[in-house]
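Heads up: the structure comes next, in structure tokens.
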Amino acid sequence: MPDARPVLHAIRHRRTADLLKLRPDPVPQDVLEAVLTAATWAPTHGNRQPWRFTVFTGEGRHRLGDLFARAYAASTAKDAANPDVQANQRVRVLKAPVWISLELHIPQPPKLPHWEEEHALAAAAQNMLLAATAHGLASKWVSGPAMVSPLTAAELGAPELRGFIFLGYAETTPPDRPRAPLEDKVVWVRE
Ligand SMILES: Cc1cc2nc3c(=O)[nH]c(=O)nc-3n(C[C@H](O)[C@H](O)[C@H](O)COP(=O)(O)O)c2cc1C
């Protein structure tokens, strides 16, 4: 008998977490590998797998914090020149034990519309978020100025960067953001 409950449970209980409400506990390597493996099983037209991930943990997060600080300073954000805001980029990154880049590496020569490759990366990201939830991890997909910056992408060696996912164990369950009812979003065609 098919059992939809585990996957539906993960879908329903994946909620975007607050960076400042994570515990400092590290995430075990086998859990991280399970989450990354789930990402690689996403649908991808032609099995082109246009994704790459760089995982920052432990002391490696200082390199990411330094990169975010420089990328933020180079960004068009209103407060980009503010040294306190730049310094905060270095501190904030340490609030989550794991950061994973979402890099789009389209195999050459390009064979598909760009959006198909990009959506495959998004499907991989969602698989990652759901697998993380199933492992009891809190998560968030972040796309702030430093996290999608061309400078950050260049330093990662990523042709395109679609943000980061951070993972960690939450102190409290993140709140639900309400969803519109199905009737607002679905059209049924029955005859
Ligand atoms: C592509 C993408 C980028 C996002 N970037 C941010 C972000 O930069 N900052 C943020 O607070 N949330 C970000 N989010 C998370 C959304 O805010 C969140 O999914 C939404 O509020 C719904 O809440 P839920 O995920 O708990 O259902 C992003 C989500 C997606 C799909």
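The values are calculated or read from the model by the stated rules, or taken from the named source; none is laboratory data. These numbers come from a predicted model, not from an experiment. Cβ atoms come from the backbone with ideal geometry, glycine included; neighbour counts cover every protein chain shown. These area figures cover heavy atoms from the full protein model, side chains too; ligands, DNA and RNA do not enter into them. Shrake-Rupley method; radii C 1.70, N 1.55, O 1.52, S 1.80 Å.
Annotations for the structure displayed:
- For the range 88-191, applying the loop criterion from DSSP together with a ceiling of 12 other beta carbons within 10 Å to the chymotrypsin sites (Phe, Trp or Tyr not before Pro) yields 188.
- For the range 1-72, size of Cβ-based charge dipole, Lys and Arg +1, Asp and Glu -1, in debye: 300 debye
- Among residues other than residue 66 with Cβ under 11 Å from its Cβ, the summed charge is +3 (Lys and Arg +1, Asp and Glu -1).
- Protein heavy-atom surface of the chain, 1.4 angstrom probe: 57% of the accessible area is carbon and sulfur, with nucleic acids and ligands not counted.
- Alpha-carbon centroids, the range 154-169 and the range 1-71: separation in whole Å: 11 Å
- Calculated from backbone phi, Karplus (6.51, -1.76, 1.60) coupling profile of the range 170-181 in Hz, x at Gly/Pro: 7, 6, 9, 6, x, x, 6, 9, x, 10, 5, x
- Environment charge of residue 120, counting only residues whose C-beta is closer than 15 Å and scoring Lys/Arg +1, Asp/Glu -1: -1
- Cα Rg over Rh - the range 1-107, Kirkwood: 1.05
- Solvent-accessible area per residue in the range 5-185 equals 56 Å², computed with a 1.4 angstrom probe and all protein chains kept.
- Evaluated at q = 0.18 Å⁻¹: base-10 log I(q)/I(0), Debye formula over Cα of the chain: -1.29
- Residue 177 - accessible surface, heavy atoms, 1.4 Å probe, Å² rounded to 10: 120 Å²
- Backbone amide hydrogens, once placed in the peptide plane, bring residue 140 within less than 5 Å of 17, 166, excluding anything fewer than 5 places away on its chain.
- For peptides 39-49, 148-158, 3-13, 129-139, sequence by mean Cβ density within 10 Å, most packed first: 129-139, 148-158, 39-49, 3-13
- Equivalent ellipsoid dimensions for the range 1-52 as semi-axes, Å, which come from the Cα gyration tensor, largest first: 24, 19, 12
- The slack in the chain from residue 170 to residue 105, taken as 0.36 nm per residue of separation less the alpha-carbon distance, amounts to 20.3 nm.
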